[in-house]
Amino acid sequence: MKVKVAEKDDVLEGTMRMVQAQGGSYVLAKVSGKLYAIDGICSHRGGELWHGHLNGAVVKCPRHGAEYDVRTGEVVGQVKLPLIGKAQGQRSVTVTVEPDGVYLDV
């Protein structure tokens with residue numbers, strides 16, 4: 001189901017924001033002129049990724065530093081501390097930009 005989550009100019013190059021659709025929270029990020037979306041709650045310890053730091057295509061969770069590629073949801077880095085577990089990949093969501101706004105296929 002396609003759900004409108006933003007206007008076309010709401011996310012500037014190199015930035016991200018939280019959007020909600022169908023009861024879920026997602027990170028919507030613009031990288032190299034294209035919009036991408038992944039689940040917004042970190043798979044590791046539940047951190048809100050939209051409060052993290054975006055460096056290129058990588059968002060770093062503000063809680064324990066797990067890093068995800070916003071284009072794919074793949075884990076690209078994590079802190080290696082005993083007892084805190086490992087991050088799992090984030091679900092990537094298809095983003096469609098139409099004349100009337102930005103849509104997620106959720």
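Coordinate-derived values only; no laboratory data. Because the structure is predicted, anything quoted here is derived from the model rather than measured. Neighbour counts are summed over all protein chains in view; Cβ atoms, including those assigned to glycine, are modelled from backbone coordinates with ideal geometry.
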Going by C-beta contacts inside 10 Å, put Y26, Y36 in order with the fewest on the left.
Y36, Y26
Could you list S25, S92, S43, S32 so that the one with the fewest beta carbons within 10 Å of its beta carbon is first and the one with the most is last?
S32, S25, S92, S43
Taking the number of other C-beta atoms within 10 Å as the exposure measure, put V76, V97, V70 in order starting with the fewest.
V97, V76, V70
Alpha-carbon spread of the chain, three principal axes, descending order, Å:
48, 27, 19
Net charge, S25 excluded, C-beta distance under 13 Å - Lys, Arg +1, Asp, Glu -1:
0
Give me the net charge of V5's neighbourhood, meaning all other residues with Cβ under 11 Å from the Cβ of V5; Lys, Arg count +1, Asp, Glu -1.
0
